[in-house]
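Peer 1: Before we start, here is the structure in question, set down as structure tokens.
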Amino acid sequence: MLIDVPVSLVYGGTDVYAIGRSFLITLASGGVMVLATHRNQMKEPGLRDSFLVVVLVWIFISLFGTLPYLLSHSIPRFVDAFFETVSGFTTTGSSILVILSIYPFAFIYFLTFLIGSIIMMGTGLDYKPAFSSVITTLGGIGPVLGKVGPANNFSGITDFGKYYLSFNMIMGRLEILSVLAIFTPSFYKT
């Protein structure tokens, strides 16, 4: 959390004190937990202990992650702050915040999918494996249908097709907008 303070200061954020207090609360809570358990002899954790630790870590990280929202009053309700925090940590993309910029993103995603499918059909693939190979590499989901399907692999795709699908995977992992931004002239202007 502490790394957020300089970022907030640079961009003129009003949540510096909320982030700082959240950091101090998290640090103090961690210190109390260490002091409360430092005298216990550590034994080798079993499978049940490991599951419990993972679940508790996710819960506590999410609880402490809600503090900046609550203390800055940017999200005043606990349930909304908790939902937003868990969504951010799990990278699901779900949000309670109103985001109007989703429409341009959806348009660019669909356009990228459509152009990519046309490119893959240009390499000799039928429409079904072309569509599904693009959506699989762009979104990181599911098997490809057709001659590149679950019973086969990508070895039958041309070299150009493999390069394009590799680029598509990078675009999908780095978010399309950030990849496309590096190709715009305004990106290089300071």
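The values are calculated or read from the model by the stated rules, or taken from the named source; none is laboratory data. For clarity, every value in this text was computed on a predicted model and none was experimentally measured. Because the Cβ atoms are built from the backbone with ideal geometry, glycine has one as well, and the counts that use them run over all protein chains shown. Accessible surface is based on the protein model in full, side chains and every heavy atom, while ligands, DNA and RNA are left aside. Shrake-Rupley method; radii C 1.70, N 1.55, O 1.52, S 1.80 Å.
Peer 1: Taking θ = phi - 60°, what integer Hz values does the Karplus form 6.51 cos²θ - 1.76 cosθ + 1.60 yield along the range 2-10, in sequence order, with x for Gly and Pro?
Peer 2: 5, 5, 6, 5, x, 4, 5, 5, 5
Peer 1: Taking 0.36 nm per residue of sequence separation and subtracting the Cα-Cα distance, how much length would be gained by fully extending the chain between Val16 and Leu114, in nm to one decimal?
Peer 2: 30.9 nm
Peer 1: In nm, to one decimal, how far is the Leu97 label point from the Arg39 one, both placed 7 Å along Cα→Cβ?
Peer 2: 4.5 nm
Peer 1: Quick one: with all protein chains in place, what share of the accessible area of the range 1-70 is carbon or sulfur, to the nearest percent (1.4 Å probe)?
Peer 2: 72 percent
Peer 1: What does the accessible area of Asp80 come to, in Å² to the nearest 10, when a probe of 1.4 Å is used?
Peer 2: Rounded to the nearest 10, that gives 40 Å².
Peer 1: Another question about this same structure. Excluding ligands and nucleic acids, what accessible area in Å² is computed for Leu114 using a 1.4 Å probe, to the nearest 10?
Peer 2: Taking all protein chains as shown, Leu114 has close to 70 Å².
Peer 1: Going 7 Å from the Cα of Asp159 in the Cα-to-Cβ direction, what parts of the range 110-132 have a backbone nitrogen less than 17 Å from that spot?
Peer 2: Correct set: 123-124.
Peer 1: So for the range 32-73, what are the equivalent ellipsoid semi-axes in whole Å, largest first, each being the square root of 5 times an eigenvalue of the Cα gyration tensor?
Peer 2: Rounded to whole Å, the semi-axes are 27, 15, 4.
Peer 1: Largest first, how would Ser22, Ser29, Ser155 line up by accessible area (1.4 Å probe)?
Peer 2: Ser155, Ser29, Ser22
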